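Notes follow the structure.
The values are calculated or read from the model by the stated rules, or taken from the named source; none is laboratory data. None of these values were measured; they are calculated from a predicted model. Counting neighbours? That spans all protein chains shown, and the Cβs are built from the backbone with ideal geometry, glycine included.
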Amino acid sequence: MARPDCAQPPFIPSPSTPPVGVAQDKLQPLAEVEGRDRNPLRIRPSTSRQSREVYPERLPWQPAEGLGNSVRWLAFLLLAMFAVPAAAQDSLPPAPYAYRQLEDPAKEKAAQDLMLTLRCLTCQSQSIADSDAAMAGDMRHQVRERIAKGEDPEAIRAWLIERYGDWVSYEPRVTTITWPLFAAPIVLLLLAGVIVRKRFTRAKAQGDKI
Amino acid sequence: MKHWAIWLPLALFGLLFAVFASGLIAPGDRTIASQMIGKPLPDFDLPQAVPDRPALARADFTGGKPKLLNVFASWCVPCIAEAPVLAQLARAGVEIDGVAIRDRTPDVQQFLARHGNPYTRIGRDDVSKIQFDLGSSGVPETFVINGKGIITYQHIGEIRADQVPMILQKLKEAQ
């Protein structure tokens with residue numbers, strides 16, 4: 001009957017003295033009551049309550065000792081990773097041609113080819129064809145509308161470069177800054193040719209010696 | 001091969017290391033400056049955003065007096081921080097015309113009621129067309145337009161209180 005971890009053993013009614021107001025048939029035999037009391041889930045009486053009073057329960061974002069708490073802290077941090085500022089998105093539907101293809105397949109193909117080589121202003125490493133940013137959608141709308149009107153894709157590119165600089169296009173042009181990009185392969189090929197030629201002449205000279 | 005050539009791979013490695021390290025230590029500026037500075041404001045004609053302010057068109061910028069063209073939105077958080085600064089500029093006698101980007105009239109009205117209305121005119125652009133015209137890449141952005149309709153300055157991001165004298169200076173230069 002004595003339980004070391006239990007400060008106040010619960011009242012166990014004796015079958016001989018039924019409590020007032022409890023019907024005889026609701027009373028459980030002693031063995032059953034004792035068995036239930038030995039249930040490990042139930043034999044943690046007042047200690048947890050007392051400790052809760054002394055040390056109030058920690059809030060989930062408060063770091064604390066113990067594995068359980070650190071896991072909770074980690075879970076909170078993981079959740080915080082996906083936090084987004086409230087109301088930082090507009091509520092308007094996308095522009096008409098942001099997600100709708102042009103009716104003419106040839107024009108849609110021209111628009112698609114151009115959109116793949118235009119850079120998104122919001123997600124700066126994506127093309128506007130790949131990005132779901134509102135501004136990329138608006139830019140696709142501009143591209144499709146202008147192509148539908150019969151404008152040349154390169155003219156649209158030029159229109160955007162005029163406003164945002166070469167930055168907005170993924171198709172590099174030859175300029176004072178970008179010329180090494182085009183010159184490098186030619187220079188490397190020439191260099192390789194010179195090295196190979198040297199090697200062959202040397203091998204020939206050695207072969208002549210032998 | 002000459003003996004110095006064996007150092008070439010190491011030198012190449014050192015060069016690449018320096019390039020990558022400098023990129024990591026000082027990442028490049030991600031803001032996209034408009035190439036339209038010094039060029040005339042492109043033609044546009046936008047509908048009214050709110051009933052108590054007139055609509056906005058290019059013709060409104062050729063009256064001879066420099067103005068601010070502010071691109072904003074009710075859903076834009078930095079625009080809330082910018083609102084009192086724009087009010088301060090408006091009190092200083094600056095004419096500010098606004099364009100609400102991808103916005104609904106009730107939302108704009110609520111935004112102006114809550115954060116103040118420093119605008120003389122407000123146009124409404126549902127497809128961000130004016131941003132592509134101006135070379136603007138986000139909200140908020142503010143452009144100084146001189147009296148002849150030439151863009152003279154672009155301010156990317158919200159105008160902070162300590163930048164008010166600079167904006168006033170830019171307006172004076174545009175005269």
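Brief remarks follow.
Let's see how each residue does on (1) under 20 Å from B:Val139 (Cα atoms); (2) of a type outside the set (Phe, Trp, Tyr); (3) within 29 Å of the chain's Cα centre (by Cα):
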residue	(1), (2), (3)
A:Thr122	yes, yes, yes
A:Ser131	yes, yes, yes
A:Ala134	yes, yes, yes
A:Gly137	yes, yes, yes
A:Arg144	no, yes, no
A:Ile147	no, yes, no
A:Glu154	no, yes, no
A:Tyr170	no, no, yes
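- Comparison of A:Arg140, A:Arg157 shows that the only residue that is of a type outside the set (A, V, I, L, M), in contact with a strand residue (DSSP E or B) (Cβ under 7 Å, 6 or more places away or on another chain) and assigned to a helix (DSSP H, G or I) is A:Arg157.
- Condition met for B:Leu68 (in contact with a helix residue (DSSP H, G or I) (Cβ under 9 Å, 6 or more places away or on another chain), more than 14 Å from chain A (Cβ to nearest Cβ) and surrounded by 20 or more Cβ atoms within 10 Å (Cβ to Cβ)): yes
- When the residues of region A:156-209 are filtered to those that are touching a Ser or Thr at 6+ places or on another chain (Cβ under 8 Å) and within 14 Å of chain B (Cβ to nearest Cβ), the one that is farthest from B:Thr31 (Cα to Cα) is A:Arg157.
- Only one entry in B:Asp60, B:Asp97 is touching a Lys or Arg at 6+ places or on another chain (Cβ under 7 Å) and either without any contact (Cβ under 8 Å) to a residue 24 or more places away in the chain or assigned to a helix (DSSP H, G or I) (or both), namely B:Asp60.
- Taken over region B:100-152, the criterion of being away from every other protein chain (no Cβ under 11 Å), in contact (Cβ under 8 Å) with a residue 12 or more places away in the chain and of a type in the set (Gly, Ala, Ser) is satisfied by B:Gly116, B:Gly123, B:Gly147, B:Gly149.
- Total residues in region B:51-79 satisfying the condition of being of a type in the set (Val, Ile, Thr) and at pLDDT 95 or above: the figure is 1.
- Cβ-Cβ contacts under 9 Å between residues 6 or more apart (or on different chains), taken from a first residue in region A:88-107 that is facing another protein chain (nearest Cβ under 8 Å) to a second residue that is among the basic types (Lys, Arg) and assigned to a loop (DSSP other than H, G, I, E, B), are listed as A:Asp90/B:Arg102; A:Asp90/B:Arg104; A:Ser91/B:Arg102; A:Ser91/B:Arg104; A:Leu92/B:Arg102; A:Leu92/B:Arg104; A:Ala95/B:Arg102.
- Check on B:Arg53, more than 18 Å from the chain's Cα centre (by Cα), without any contact (Cβ under 8 Å) to a residue 12 or more places away in the chain and either farther than 20 Å from A:Pro94 by Cα or surrounded by fewer than 20 Cβ atoms within 10 Å (Cβ to Cβ) (or both): no
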